[in-house]
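Right, one structure below, let's go through it.
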Amino acid sequence: MFEPPTVDIRTHLDAVYRTEGGRILATLIRLLGDFDLAEDAMHDAFAAALHRWPWMASRRTRARG
């Protein structure tokens, strides 16, 4: 089974976090009305992306092949 390198995934997610994290957090604060809840939601979303991205990438690769 193909397993994409998690280092590349982490690098991409880190870049998204640095460039878009403030905007994402601000949007979540507006939607949820609570800073702590918004911050937790954003961190949970990035953690889920880090966990699921390799699986999603491998499925996409198999679908193309």
Any residue in the range 23-39 that's of a type in the set (Gly, Ala, Ser): show its pairings with residues that are in a helix (DSSP H, G or I) at Cβ separation under 8 Å, as long as the two are six or more apart or on different chains.
ALA38/LEU25; ALA38/LEU28; ALA38/ILE29; ALA38/LEU31; ALA38/LEU32
So, of the residues in the range 1-38 that are of a type in the set (D, E, K, R) and part of a helix (DSSP H, G or I), which turns out to be modelled with the lowest pLDDT?
ASP8
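The values are calculated or read from the model by the stated rules, or taken from the named source; none is laboratory data. Bear in mind the structure is a predicted one, so any value in this text is a computation, not a measurement. Here Cβ is always computed from backbone atoms with ideal geometry, including for glycine, and neighbour counts include all displayed protein chains.
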